[in-house]
Structures are given as C-alpha cells and as structure tokens.
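Heads up: the structure comes next, in structure tokens.
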Amino acid sequence: MDGDDGSPGAGGVIVCFGSINLDLIFKLPKLPAAGETILGPNLHIEPGGKGANQAVAAARDGAAVVFAGAIGRDALATDALALLRQSGIDLSRVVPSELATGAAAICVDPAGRNLIAVASGANLAAQADQVEDALLGPQTTLLLQMECAPAETEALIRRARAAGCRIVLNLAPAAMLAEDALRAVDLLSVNEHEAAFLAAELRCADTAAALRAALGVDVVVTLGEAGVDAATAQGQYRLPAREIVAVDTTGAGDCYIGVLAAALDRGAEMLAALQRANAAAALACSKPGTQGSMPLAAETDGFLG
C-alpha cells in the first residue's frame, strides 16, 4: 500500500531529467568577496548537480528512480556518477558527450553558508528524447530542474503533461520557461531568491499563494532557516524549519525536493510530504557534503518519530 504519511512504501517511478556534476568543496574561514582570495585547509570532492542530488535524495528515501542526463568522456565522469550508482538508480539513459562533465566550485563558511559557481558542460547536451514515451504515464513522477537546456526541459514537460505524469519542477537556478510550460507542471518549487525572480517576471507578489494564483499550479517556497511556504490544492501551509545544528547547507534544497517528490510518488498527502521533506532537509544540513549528506529513509523516519 502507498504510505499516506509519506513513509516508504509502494509507488510508481520517478524519472529525473537533470544535471550531473562533480563538486569541488572548499571549507573556508569566510566566504570570499569579489577580488578576494581566502585560503582553506583542504579540498573535498563529491558528486553533485541538482538533478543528481535530487535523484539520490529520492532513491535514498525509497523511491525507484530512472535518471536521464549527459556526462563527459573525461576523468570526472566516474566520480560524478558514483553515488547515483550506489543508490541503485537506473542510469541507462545517461549518455556520453564530447563536452566536459559538469562541475561546481562550492565555498562553505563555518556557519554552513555557501557560494557556488557551476560549469554546465555536458549537462547542456542532455535531450528530452532520452526519456522515451513508454516511461511517461500516470504512474510516473517527472522531476526537473534548470541546469539542462531550457528548451529540452520545456519539451519534456509538454510530453509528460500529455501522458498524464505528475510533474515536479524545481525552478533552480532561477530562469524563465515559457509560461505554458510553467502552467503545465503539477508542483513548482523555488527558494526565496527564485520566488522573487519569478514574481518579477509574472508581476505578482513572491509568496506561494500569489505565485499559485498567477500560474494555477501548486507552489512550494523554501525559505531556509525560516521554513517553508506552500500553497496547494490541498491547502496553504507554513512550516517552520526543523531545529538542528547546521554543518553544511549545500544540497539541502535538493534534498527537500527529492524527498518531497518521493513522498508524493508514494501517494502521501501534501502536508505529510512537506513535513517529511522538511525533516530530511534538516538532516542533510547536519552533515558535510552534497549528495553524501542525503539521509536514508530510516534516518528520516527516526527524526520524524
């Protein structure tokens, strides 16, 4: 049976079309300003990319995940795919590209705040037709972000809508899609900066309720330490952030979206899914790193319990 409290149980499949990066993480005494060089003691290298991060978060929360994306033919590729493989994600729709594997440089200060630069590389070679029609249907949750070519993301949204998929779009990093594509998703997730960007484009307030009124889709706005603002067909919710000692906030938003998608895919009610994602994201903040910080389902269960 589906877990209507969001806990792991039977579900459909999550198809993630997204980015695969290798993250170079610099722990620094403070974040650098423009033109400033800050020395740190060491470098941590870990798989990343919003798409891959969200896929790993969903898989670790118990979802069956299929990933479609692109990777370079270079030395970064093996490490970039490592945690996707370890998480049991179907990578048969990840294709090689002559472009370099995507990479990110992430600076993290002692408070866990971060500053990130990304080289998209092979992620821009990913194409919507890597996801075949047979994968798209009412039992599929399509999970998308904005680190692949926008035209490919739009094309996949339109196909998925026609096939009856549930579509979860994380509009991150902030960029605009055609308005008809935005209106075709089931759930739109943004952080406060992305909400402000989208609100300026739509000429509305940057609250979840205002964005939902403008687009006609469910909206979740993650607010970091201030929690979550959500406006959905099931109701409006304002959830405080779970209390935890933050070690590294990198990837916490991706953890939230991946676990939210996994819970909804299992048939959870919206409030239960939001609460589960909130708990998982807090746990991710309590550990260093990006993909490696995504909690297992049992950890989230324990934290909720």
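Each value in this text was obtained by applying a stated rule to the coordinates, not by laboratory testing. None of these values were measured; they are calculated from a predicted model. Here the Cβ positions follow ideal geometry from the backbone for every residue, glycine too, while neighbour counts run over all protein chains shown.
Per-structure values
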| item | result |
| --- | --- |
| Net +/- balance of residues flanking VAL247 in space, Cβ distance below 13 Å, scoring K and R +1, D and E -1 | +1 |
| Net +/- balance of residues flanking THR101 in space, Cβ distance below 12 Å, scoring K and R +1, D and E -1 | -3 |
| Mean separation of Cα contacts under 8 Å (6+ apart) over length of region 13-304, as relative contact order % | 19 percent |
| Cα shape, region 105-262, gyration tensor, a/c 1.5 rule | oblate |
| Helix-derived mean residue ellipticity, 222 nm - over the chain, DSSP H n ≥ 4, -39500 (n - 2.57), to 500 | -9500 deg cm²/dmol |
| Mean Cβ count within 10 Å, highest first, over the residues of peptides 52-62, 264-274 | 52-62, 264-274 |
| Among 114-124, 28-38, 186-196, the order from most to least packed when residues are scored by Cβ within 10 Å on average | 186-196, 114-124, 28-38 |
| Cut-off 17 Å (backbone N to label point 7 Å along Cα→Cβ of LEU115), residues of region 23-37 | 24-37 |
| For region 13-304, the fraction of alpha-carbon pairs in successive 10 Å shells from zero, as % | 7, 31, 38, 21, 3, 0 |
| Distance between modelled label sites at ALA149 and LEU31, nm, 7 Å Cα→Cβ extension | 3.2 nm |
| Cα-based shape type of region 69-136, given that a ≥ b ≥ c are square roots of the gyration tensor eigenvalues and the cut on a/c is 1.5 | prolate |
| Positive minus negative residues near PRO173 (Lys, Arg vs Asp, Glu; Cβ under 11 Å) | -1 |
